[in-house]
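J.: Mind having a look at this structure? Questions to follow.
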Amino acid sequence: MDAELSERFHDLVGALDYSMFVVTTAHGGRRAGCLVGFAAQCSIDPPRFMIWLSKKNHTYEVARHATTLAVHTLTTAERELASLFGSHTGDEEDKFTRCAWRPGPDGVPLLEDSPALFTGEVLDRHDTGDHVGFLVRPTSAVVRREARPQLTFQDVRDFEPGHAA
């Protein structure tokens with residue numbers, strides 16, 4: 001892609017507004033979580049969801065061997081939680097010491113302050129460039145309260161990322 005097209009494309013997608021999630025996982029006694037903007041339902045029947053994790057991210061390093069991921073919704077009231085998982089890296093600190101959570105399936109941390117979440121079995125992984133897509137089959141879902149107004153990309157674009165993308 002030439003530089004001018006690349007710049008126009010980045011301007012275009014930078015203006016989009018999509019939901020942000022915190023994704024958590026665990027494997028081999030390690031736990032991890034990060035703020036994710038690349039995620040979408042990708043099938044209705046059977047239900048499937050895809051989450052893309054940056055290859056540079058600590059969460060990716062744990063998730064690449066994990067069998068379960070948890071996807072947590074966020075509202076604008078959870079901006080501080082989003083900042084914890086978006087502006088800090090698990091390479092340098094244990095983010096879970098700074099938030100309320102409990103262990104879920106396969107030891108995956110389930111964040112207590114998330115309005116809703118689901119866990120899912122990792123069915124497949126797809127290398128898509130600098131991110132890897134994790135295809136998950138939902139295995140549980142919890143709705144604690146309505147997740148509105150949703151926290152979106154435009155709400156967090158001022159965060160300093162824990163890792164470059």
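J.: Just how large is the dipole of the chain about the Cα centre, in debye to the nearest 20, putting +1 at every Lys and Arg Cβ and -1 at every Asp and Glu Cβ?
T.: Values: 17 positive and 24 negative charges, 127 e Å.
Dipole of the chain, to the nearest 20 debye: 620 debye.
J.: Say we join alpha carbon atoms closer than 10 Å with springs in a Gaussian network model of the chain; which of His88, His126, His58 then has the biggest fluctuation?
T.: Looking only at His88, His126, His58, the biggest GNM fluctuation is shown by His126.
J.: When Lys and Arg each count +1 and Asp and Glu each count -1, what net charge do the other residues less than 15 Å away from His131, Cβ to Cβ, add up to? Don't skip to the end; give the middle numbers.
T.: On the way: positive: Lys55, Lys56, Arg64, Arg125; negative: Glu61, Asp124, Asp127, Asp130.
Local net charge: 0.
J.: Please calculate how many Å² of accessible area the chain carries per residue, with a 1.4 Å probe and no DNA, RNA or ligand atoms counted.
T.: Details: 8830 Å² over 165 residues.
Each residue of the chain exposes 53 Å² on average to a 1.4 Å probe.
J.: Right, something else. If you project the alpha carbons of the range 82-129 onto the principal axes, what extent comes out on each, in Å, largest first?
T.: The Cα atoms of the range 82-129 stretch 31, 25, 19 Å along the principal axes, largest first.
J.: For the range 1-157, which whole percent of the accessible surface, found with a 1.4 angstrom probe, sits on carbon and sulfur atoms?
T.: Numbers: 4200 of 8240 Å².
That fraction is 51 percent.
J.: Sticking with this structure for a sec: Using the per-residue mean of other Cβ atoms lying within 10 Å as a proxy for protection, in what order, highest first, do the peptides 28-39, 61-72 fall?
T.: Working: 28-39: 19.4, 61-72: 21.2.
Most protected by this proxy first, the peptides run 61-72, 28-39.
J.: What list of ³J(HN,Hα) couplings, whole Hz, do you get for the range 93-102 from phi and the Karplus terms 6.51, -1.76, 1.60, once you set θ to phi - 60° and write x for glycine and proline?
T.: Calculated HN-Hα couplings, in order: 7, 8, 4, 6, 6, 10, 8, 7, 7, 9 Hz.
J.: Glu4 to Ala40: extension gain in nm, 0.36 nm per residue of separation minus the Cα-Cα distance? Mind dumping the intermediate values first?
T.: Details: separation 36, 0.36 × 36 = 12.96 nm, distance 2.83 nm.
So the extension gain works out to 10.1 nm.
J.: Next question, about the same structure. Read phi for every residue in the range 135-144 and hand back ³J(HN,Hα) as whole Hz from Karplus 6.51 cos²θ - 1.76 cosθ + 1.60, θ = phi - 60°, with x for Gly and Pro.
T.: Here the 3J(HN,Hα) series is 8, 10, 9, x, 10, 7, 8, 10, 10, 8 Hz.
J.: A further question on this structure: For the charge dipole of the range 1-138, defined by +1 on Lys and Arg C-beta atoms and -1 on Asp and Glu C-beta atoms about the Cα centroid, which residue among His88, Phe38, Pro103 has the Cα displaced farthest towards the positive pole?
T.: Of the candidates, Pro103 comes out farthest on the positive side.
J.: Would you calculate, for the chain, the mean residue ellipticity at 222 nm contributed by helices, counting each DSSP H stretch of 4 or more residues as -39,500 (n - 2.57) and dividing by all residues, to the nearest 500? Could the numbers behind the result be given before it?
T.: Working: 4 runs with 31 residues, N = 165.
Mean residue ellipticity at 222 nm (helix-derived): -5000 deg cm²/dmol.
J.: Here is a further query. Suppose R0 equals 25 Å. What FRET efficiency, 1/(1 + (r/R0)^6) with r the Cβ-Cβ distance, do Ser140 and Asp17 give to the nearest 0.05? Let's see the in-between values first.
T.: Values: r = 28 Å, r/R0 = 1.13.
Here the calculated transfer efficiency is 0.30.
J.: Another one. Using the alpha-carbon centroid of each, what span in Å lies between the range 29-63 and the range 130-145?
T.: One Cα centre to the other: 7 Å.
J.: Quick check: from the Cα gyration tensor, does the range 3-60 come out rounded (a/c under 1.5), prolate or oblate?
T.: oblate
The values are calculated or read from the model by the stated rules, or taken from the named source; none is laboratory data. Everything numeric here is computed off the predicted structure, so don't read it as measured data. In this analysis, Cβ positions are derived from the backbone assuming ideal geometry, glycine residues included, and neighbour counts consider all displayed protein chains. For the accessible areas, the whole protein counts, side chains as well, though only heavy atoms, and no ligand, DNA or RNA atoms are used. Shrake-Rupley method; radii C 1.70, N 1.55, O 1.52, S 1.80 Å.
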